[in-house]
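Since the structure comes first, as structure tokens, the remarks are kept for the end.
The values are calculated or read from the model by the stated rules, or taken from the named source; none is laboratory data. Given the structure is predicted, the values throughout are model-derived calculations rather than measurements. Cβ sites come from the backbone with ideal geometry, for glycine too, and all protein chains shown count toward neighbours.
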Ligand SMILES: [Mg+2]
């Protein structure tokens with residue numbers, strides 16, 4: 001039973017799924033591990049109808065699973081607080097959107113602290129996550145720095161103030177020392193472009209060694225990095241060495257990790273103070289699981305920053321956790337325009353996204369377009 005009053009007789013009537021093509025404003029290049037990420041990103045959208053009300057959101061649930069849920073009582077889907085029960089969490093985004101629409105509340109006001117359930121607006125810091133290795137075709141480091149500075153300036157013009165830079169060029173795509181030198185020059189270039197106030201994060205996608213990490217941190221002390229993400233595959237001994245060295249050098253970038261195939265000990269290490277920011281994926285780990293984890297991390301003063309890239313929906317959904325998790329850091333903003341998906345309730349201004357007061361996740365779907373795409377790419381079960 002949920003705290004939100006759902007009529008007893010309401011049952012899952014219909015579940016639909018479609019893939020909606022989307023496009024980034026600019027192609028995203030390689031990172032330390034992977035090749036070009038490109039410009040095309042699809043939104044995988046499921047929609048549920050219960051009691052004549054529809055909610056939609058990202059899901060990877062397939063037709064067979066959805067079919068088995070037709071006829072289930074709506075009250076079975078949620079716990080007392082309104083979180084989706086574990087069995088249905090693969091479909092939690094459409095269900096949370098639905099619940100918000102039924103309650104007439106945005107998702108963040110279903111789970112927020114007392115503060116958030118007052119009517120004062122909730123502003124969530126976000127960062128521009130688009131600074132990939134877009135420079136690998138350039139042999140001259142000065143030209144590479146200029147290119148990344150132009151990209152950072154584009155982000156500023158779009159309302160961003162905080163930026164994450166992909167680093168680790170020397171792990172795979174460039175010669176080791178040249179790659180490291182270019183990473184360092186680009187970090188300084190981006191700091192110069194964005195000015196003194198914005199946060200800068202770097203993300204090596206596990207492409208650094210411990211010693212390479214130290215070299216980069218020492219050479220970029222003046223750029224005041226906010227966090228260092230996935231320097232190398234998380235390892236308690238290496239991170240402890242890094243922390244001791246940073247303390248001695250007077251460097252205070254936060255250590256962030258956990259997005260990939262994270263160590264099962266990651267949360268424990270975070271609670272022990274080895275890792276400052278936990279980054280489990282907003283979909284792989286999940287929204288309701290994040291509410292639970294975030295509260296636990298809050299109790300140990302560990303920061304939360306769900307990973308979200310290349311999925312469209314995470315840009316909007318992730319920020320709704322900010323009202324429930326005190327240590328929530330940033331929305332990761334990977335802009336993708338998707339036909340049929342109206343995201344006009346969300347805007348980046350001065351490095352902040354103000355969460356919309358529209359019920360559910362605050363996005364709107366073009367019914368006719370969704371139905372066409374469902375016929376081309378997806379499925380429908382129920383009536
Ligand atoms: Mg990352």
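Here are the numbers:
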item	result
Residues that are out of contact with any strand residue (DSSP E or B) (no Cβ under 8 Å at 6 or more places or on another chain), without any contact (Cβ under 8 Å) to a residue 40 or more places away in the chain and part of a helix (DSSP H, G or I), drawn from the range 204-234	210, 211, 214, 215, 218, 219, 221, 222
The range 253-264, subset outside any strand (DSSP E or B) and at pLDDT 95 or above, residue surrounded by the most Cβ atoms within 10 Å (Cβ to Cβ)	258
Count - residues of the range 248-267 that are under 22 Å from the mean Cα position of the chain (by Cα) and away from the ligand (no atom under 16 Å from the Cβ)	3
Of all residues making up the range 299-310, the number that are assigned to a loop (DSSP other than H, G, I, E, B) and surrounded by 23 or more Cβ atoms within 10 Å (Cβ to Cβ)	3
Selected residue (criterion: farthest from residue 129 (Cα to Cα)) from residues of the range 150-203 that are more than 16 Å from the ligand (Cβ to nearest atom), part of a loop (DSSP other than H, G, I, E, B) and touching a residue at least 12 places away in the same chain (Cβ under 8 Å)	174
Selection count where residues are away from the ligand (no atom under 16 Å from the Cβ), touching a strand residue (DSSP E or B) at 6+ places or on another chain (Cβ under 8 Å) and either farther than 20 Å from residue 41 by Cβ or not in a loop (DSSP other than H, G, I, E, B) (or both), scope the range 311-329	9
Residue within the range 278-287 that is more than 15 Å from the ligand (Cβ to nearest atom), surrounded by fewer than 20 Cβ atoms within 10 Å (Cβ to Cβ) and not in a loop (DSSP other than H, G, I, E, B) present	no
Single unsatisfied condition, residue 383 versus (1) under 17 Å from residue 57 (Cβ atoms); (2) out of contact with any helix residue (DSSP H, G or I) (no Cβ under 8 Å at 6 or more places or on another chain)	(1)
All positions within the range 334-345 that are part of a loop (DSSP other than H, G, I, E, B) and surrounded by fewer than 20 Cβ atoms within 10 Å (Cβ to Cβ)	334, 339, 343, 344, 345
Yes/no for residue 242 being surrounded by 18 or more Cβ atoms within 10 Å (Cβ to Cβ), modelled with pLDDT of 95 or more, within 16 Å of the ligand (Cβ to nearest atom) and in the same structural domain as residue 293 (by TED's automatic domain parsing)	no
